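A quick write-up on the structure given underneath.
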Amino acid sequence: MPKTVSLVLGIGGASGIAHLGVIKYLEENKYQIKLVVGCSIGSAVAADLENEKEVWLNKGSLFNTIRASVSLPLFFTPYELNGIKLVDGGVLNPVPIAPTFGDDTDLKVTINSGGSLEHKQKEKPKKEDTNDTSTNFNALFYQLKKAPGFKEIPSWVMYNVSNKAFDTIQSTIAIQKIASYPLDIEIIIARNACGTYDFDRSQEMIDLGYQKTLETFISY
């Protein structure tokens, strides 16, 4: 008889596409996914910043709940739902395990895409694009560099600094959440497996998710 699974989909941007590889492995090996919880790229949990609390979205329009849960600060605007302005649930809980409490499944499987760094990710060269935020910031800093009294140009543009800081904070919170909550299986994806917006590497991430799941279940 197939084992039933509660599946927790964590943060990760494009590396969260690895979730699909995990699901592929589970289905091929006759695991029945009965409950799915997630935030950010995984989507069902959002964050109410005004009241500083998690919001569990478990009914209503699927589009609205996903739009609220993926509202990454500095990239998407907050999404108003039921009179509450919501942002990416990963702000408060990168691996929302708590909503699985009280379920009746055999296994809790958590995908943590905020794992330790495994290798240095090379940045892809960007084409010049006047609509690209990074390009505009670089142009601004170039102008500042020429201004009197400006001695050093930042090595990262403002957006990249914010994104890196957010990523670091989420990874730290994820470690604390996983240490605090009971779970059966944690599938770890390095947080630099790919860039936040490298969606052109989707197949690579799906394959990685499948392989990491295979390795994890073998040792389970």
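The values are calculated or read from the model by the stated rules, or taken from the named source; none is laboratory data. Every value quoted in this text rests on a predicted model; they were computed, and no experiment measured them. Neighbour counts run over all protein chains shown; Cβ positions are idealised from the backbone, glycine included. The protein model used for the area step is the full one, side chains on, heavy atoms only, and it has no ligands, DNA or RNA in it. Shrake-Rupley method; radii C 1.70, N 1.55, O 1.52, S 1.80 Å.
Taking label points 7 Å from Cα along the Cα-to-Cβ direction, I185 and E215 give a separation of 1.5 nm. Residues R67, R201 ordered from highest to lowest accessible area at a 1.4 Å probe: R67, R201. Expressed as a whole percent, the accessible area of the stretch 1-73 that falls on carbon and sulfur atoms is 55 (1.4 Å probe). For the stretch 15-61, the per residue solvent-accessible surface stands at 55 Å², with DNA, RNA and ligands left out and a 1.4 Å probe. With each label modelled as a point 7 angstrom along the Cα→C-beta vector, the D104-E28 pair spans 3.2 nm. Accessible-area rank, largest first, for I206, I175, I185: I175, I206, I185, with all protein chains present and a 1.4 angstrom probe. When the listed pairs K24/K164; K59/K85; K59/K164; K34/K164; K30/K59; K34/K177 are checked against a 24 Å cut-off, the alpha-carbon distance exceeds it for K24/K164; K59/K164; K34/K164; K30/K59. Packing-based ranking of 71-80, 42-51, 13-22, 191-200 yields 13-22, 42-51, 191-200, 71-80, ordered from highest to lowest mean Cβ neighbour count within 10 Å. Can you bin the stretch 1-66 into rounded, prolate or oblate? Criterion: square roots of the alpha carbon gyration tensor eigenvalues sorted a ≥ b ≥ c, rounded for a/c under 1.5, prolate for a/b above b/c, oblate for the rest. It comes out prolate by the Cα gyration axes.
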